[in-house]
Amino acid sequence: MTPRATSDFGYDLPEQAIAQAAVEPRDSSRLLDADSLTDHRFSDLPGLLAPGDLVVVNRTRVRRARLLGRKDTGGRVEALLLSPLGDGRWEALVRPARRIRPGCRMRFGAIGAEVVEGPTGGRVVLRLDAADAEAAIAAAGTVPLPPYFKGELADDDRYQTVYADRIGSAAAPTAGLHFTRGVLDGLAGRGVRIASVDLEIGLDTFRPIATATIEEHAMHTERYRVGEETAAAVSATRSGGGEVVAIGTTVVRALESAARLSGEVAACEGATDLFITPGRRFRVVDRLVTNFHVPGSTLVVLVAAFMGDRWREAYAAALSRGYRFLSFGDAMIVRRSG
């Protein structure tokens, strides 16, 4: 197969199109039907699906992983915890990185920390001194917001989905930010079932690809879990002729990682480095609800794999109609090509 240039997955994103505020209520955000190029509100989602369909969400919760404190030498320091490594150790980004070496100690409120490895590639390993690390982080930290978001949130919970219940991510599954209890009730009233997966989203998810071709890109790894109930719900939906609707690219990645060749989903958990690129045969997901993503990112590549060249037409329509892009922006719904 001919290598595909990363530039083929770029587009011009005006700065003014990047959402810098979170709309209220959540479901008043706009929703583009990318198949018909018609405009809706997210509150219309139940009416765009059919009884017997299955909506699958990622119920991961964003960790309050941004910690502000001081080094033992007195200088200010900021740490962003990325993932737990066991034995009190955490992979983290630390700023300023100057003079950060193994043995460097710092304190973030009630949490003491020591650098035990790194820096390597801008990352370090910290050992946290806390009996219950998650509780201490929740008390001392704040939710890390995307670097392109310059606005302010009245409440950190606005960067959590209404159904989030499992701490583990460094960023939100943004397609889910549009849901309200009213939308969930509307889906249930429509006869649409709801199931969930867990995929712990890392910061690398949102970073543009740095290589000239997508084939050269080394995909990051994220932990995921697909439970027995979700696997059974996918099977029942398939047997009943319904469609599996993924809420966000993270759900696509989890379900397709758990898929057998037959299209059945196996209950499983582990780590996935699946890079979904054009030409892939989707085995599980029929429709996708997703936000509009960073140019040249692995997320745009996934969307292009799912809907073919139509992604450019959909993105162009959204830009021309004033849709809001990226994490706090609007969304689209699209059926898989082919």
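The values are calculated or read from the model by the stated rules, or taken from the named source; none is laboratory data. Here the structure is a predicted model, which is why all the values come from computation and not from measurement. Here the Cβ is made from the backbone with ideal geometry for all residues, glycine too, and neighbour counts use every protein chain on show.
Is there a residue in region 56-67 that is aliphatic (A, V, I, L, M), surrounded by fewer than 18 Cβ atoms within 10 Å (Cβ to Cβ) and in contact (Cβ under 8 Å) with a residue 24 or more places away in the chain? Among the residues of region 56-67, not one is aliphatic (A, V, I, L, M), surrounded by fewer than 18 Cβ atoms within 10 Å (Cβ to Cβ) and in contact (Cβ under 8 Å) with a residue 24 or more places away in the chain, which makes the answer no. Checking each residue in region 175-229 for being under 26 Å from Val265 (Cα atoms) and among the basic types (Lys, Arg) picks out Arg190, Arg193, Arg223, Arg225. Of all the residues that make up region 140-186, how many are among the acidic types (Asp, Glu), in contact (Cβ under 8 Å) with a residue 24 or more places away in the chain and in a loop (DSSP other than H, G, I, E, B)? The number of residues fulfilling the criteria is 1. One residue stands out in region 188-214 among those that are touching a residue at least 24 places away in the same chain (Cβ under 8 Å) and over 22 Å from the mean Cα position of the chain (by Cα): the one that is surrounded by the most Cβ atoms within 10 Å (Cβ to Cβ), namely Val192. The listed residues are Val226, Val284, Val289, and the only one of them that is modelled with pLDDT of 95 or more and touching a Leu at 6+ places or on another chain (Cβ under 6 Å) turns out to be Val284.
A quick yes/no check of all residues on (1) within 19 Å of Thr60 (Cβ to Cβ); (2) touching a Pro at 6+ places or on another chain (Cβ under 8 Å); (3) in the same structural domain as Arg26 (by TED's automatic domain parsing); (4) surrounded by 17 or more Cβ atoms within 10 Å (Cβ to Cβ):
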{"site": "Gly103", "(1), (2), (3), (4)": "no, no, no, no"}
{"site": "Gly109", "(1), (2), (3), (4)": "no, no, no, no"}
{"site": "Val124", "(1), (2), (3), (4)": "no, no, no, yes"}
{"site": "Ala131", "(1), (2), (3), (4)": "no, no, no, no"}
{"site": "Ala136", "(1), (2), (3), (4)": "no, no, no, yes"}
{"site": "Leu145", "(1), (2), (3), (4)": "yes, no, no, yes"}
{"site": "Thr161", "(1), (2), (3), (4)": "yes, yes, yes, yes"}
{"site": "Gly168", "(1), (2), (3), (4)": "yes, no, yes, yes"}
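Remark: pairs (first residue in region 305-333, not assigned by TED's automatic domain parsing to the domain that holds Asp44 and modelled with pLDDT under 95; second residue buried (at least 22 other Cβ atoms within 10 Å of the Cβ) and among the aromatic types (Phe, Trp, Tyr); Cβ separation under 8 Å; 6+ apart in sequence or on different chains) are absent.
Of the residues contained in region 258-280, none is found to be part of a helix (DSSP H, G or I), among the small types (Gly, Ala, Ser) and modelled with pLDDT of 95 or more. Considering only residues in region 122-166 that are acidic (Asp, Glu) and within 21 Å of the chain's Cα centre (by Cα), the one that is nearest to Ala21 (Cα to Cα) turns out to be Glu152. Selection of strands (runs of 3 or more DSSP E) fully inside region 1-110 by the criterion of at least 3 residues being touching a Phe, Trp or Tyr at 6+ places or on another chain (Cβ under 9 Å) returns 30-33, 66-71, 76-86. Within region 204-216, is even one residue assigned to a helix (DSSP H, G or I) and touching a Leu at 6+ places or on another chain (Cβ under 8 Å)? Yes, there is a match, as at least one residue in region 204-216 is assigned to a helix (DSSP H, G or I) and touching a Leu at 6+ places or on another chain (Cβ under 8 Å). Within region 281-334, being surrounded by fewer than 17 Cβ atoms within 10 Å (Cβ to Cβ) and either at positive phi or assigned to a strand (DSSP E or B) (or both) holds for Gly308, Gly322. All conditions in (1) within 22 Å of Leu31 (Cβ to Cβ); (2) in contact (Cβ under 8 Å) with a residue 60 or more places away in the chain; (3) not in a strand (DSSP E or B) hold for Ala246, with the sole exception of (3).
Please verify whether region 12-30 includes one or more residues that are touching a Pro at 6+ places or on another chain (Cβ under 9 Å) and more than 21 Å from Val251 (Cβ to Cβ). Among the residues of region 12-30, at least one is touching a Pro at 6+ places or on another chain (Cβ under 9 Å) and more than 21 Å from Val251 (Cβ to Cβ), which makes the answer yes. Restricting the first member to region 266-289 and to residues that are farther than 21 Å from Gly202 by Cβ and assigned by TED's automatic domain parsing to the domain that holds Asp35, and the second to residues that are in a loop (DSSP other than H, G, I, E, B) and among the small types (Gly, Ala, Ser), the beta-carbon pairs closer than 6 Å and six or more apart or on different chains are Ala266/Ala258; Ala267/Gly227; Arg283/Gly263.
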